[in-house]
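Report on the structure given below.
The values are calculated or read from the model by the stated rules, or taken from the named source; none is laboratory data. Only a predicted model underlies this, so the values are computations on that prediction, with no experimental measurement involved. FYI the Cβ positions are ideal-geometry reconstructions off the backbone, even for glycines, and counts take in every protein chain you see. Surface areas here come from the heavy atoms of the whole protein model, side chains and all, with no ligands, DNA or RNA. Shrake-Rupley method; radii C 1.70, N 1.55, O 1.52, S 1.80 Å.
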Amino acid sequence: SLRFSEAALTIMRGKLVSSVRACDEGARAGMMMGAHLAGRAIAISRTTAAHALSYELTQRFGLAHGHAVALTLGHLAAANERVSEVDCADPRGPGHVRASTRDVAGAFGVMPQGMPGTMRGLLRKLGLAATLREAGVPLDALASLAESMDPVRSGNNPRRLCRSQVEALLREAFGGEDEGPASGSVMVPPQRAQESPT
């Protein structure tokens, strides 16, 4: 799983923006290969809390699955890096979880605490809403979103998160008024899913 996921990230990291914004055929071919490798990784290790949260975002607010995942992924990375002996769900221990989270963040040139800003920046480069607020998710929906997180998929997260922690994470992902689009960025309405997740 690690070998597939590392290869996928290496391929896709420099191709995502140009595949979307410039419709570059070479970049799109790279994205297809990266998606294939990422799918092979997921088939082995399954997904974690960002995916678990994404299904309700898609079903209730029409956000495309990948966009919904990206809106919380950076915040989950930062939260997982704060794992402790008490809440670690990975049998390899919190040291392994922290090291793995730092490796993933390092691929983006940041520490895990920098991942929320990195993901917001990437979404804005893609012309997508970069916070839950921008994506049209109301603040008063966050508690019920936390309550309805898919327990099967969230159970694979390396750090156990209680409902109040998930709600706090969603509030971070909601964003404040000072986290609007960066100067000169292009914003388009959130991409809407064509069908409900299965």
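When all protein chains stay in place and ligands, DNA and RNA are ignored, the 1.4 Å accessible-area order of Leu170, Leu128, Leu2, largest first, is Leu2, Leu128, Leu170. Taking K and R as +1 and D and E as -1, what net charge do the other residues with C-beta under 14 Å from the C-beta of Phe4 add up to? With Lys, Arg at +1 and Asp, Glu at -1, the neighbours total +2. Measuring from a point 7 Å past the Cα of Asp150 along Cα-to-C-beta, which residues in segment 49-79 have an amide N at less than 14 Å? Taking a point 7 Å out along Cα→Cβ of Asp150, the residues of segment 49-79 whose backbone N falls under 14 Å are 49-60, 64-70.
Net charge within 12 Å of Leu37 by Cβ-Cβ distance, Lys/Arg positive one each and Asp/Glu negative one each, not counting Leu37 itself? Write out the running numbers ahead of the final one.
Values: positive: Arg3, Arg40; negative: Glu6.
Net charge in that neighbourhood comes out at +1.
Remark: segment 144-160, residue by residue, has Karplus-estimated 3J(HN,Hα) of 6, 5, 5, 5, 9, 4, 4, x, 5, 6, 5, x, 8, 5, x, 10, 6 Hz, where x stands for each Gly or Pro and the curve is 6.51 cos²θ - 1.76 cosθ + 1.60 at θ = phi - 60°.
At 1.4 Å probe size, with every protein chain present, just tell me what the per residue accessible area of the chain comes to in Å².
I get 52 Å² per residue for the chain.
Carbon and sulfur together cover what percent of the accessible area of the chain at a 1.4 Å probe radius? Walk me through the numbers before you get to the answer.
On the way: 5810 of 10370 Å².
Heavy-atom surface of the chain belonging to carbon and sulfur, 1.4 Å probe: 56 percent.
Scanning residues 5 or more positions from Arg159 or on other chains, those with amide H under 5 Å from its amide H are Ala89, with H placed 1.01 Å from N in the peptide plane.
Amide H contacts for Leu63 (H built 1.01 Å from N in the peptide plane; partners 5 or more residues away or on another chain; cut-off under 5 Å): Thr58, Ala193. In order along segment 102-107, the phi-based Karplus estimate (6.51 cos²θ - 1.76 cosθ + 1.60, θ = phi - 60°) of 3J(HN,Hα) comes to 5, 5, 5, 4, x, 5 Hz; Gly and Pro are listed as x.
Shown here: Rg/Rh (Cα atoms, Kirkwood Rh), derived from the displayed model; of the candidates (i) 1.10; (ii) 0.94; (iii) 0.99, it corresponds to (ii).
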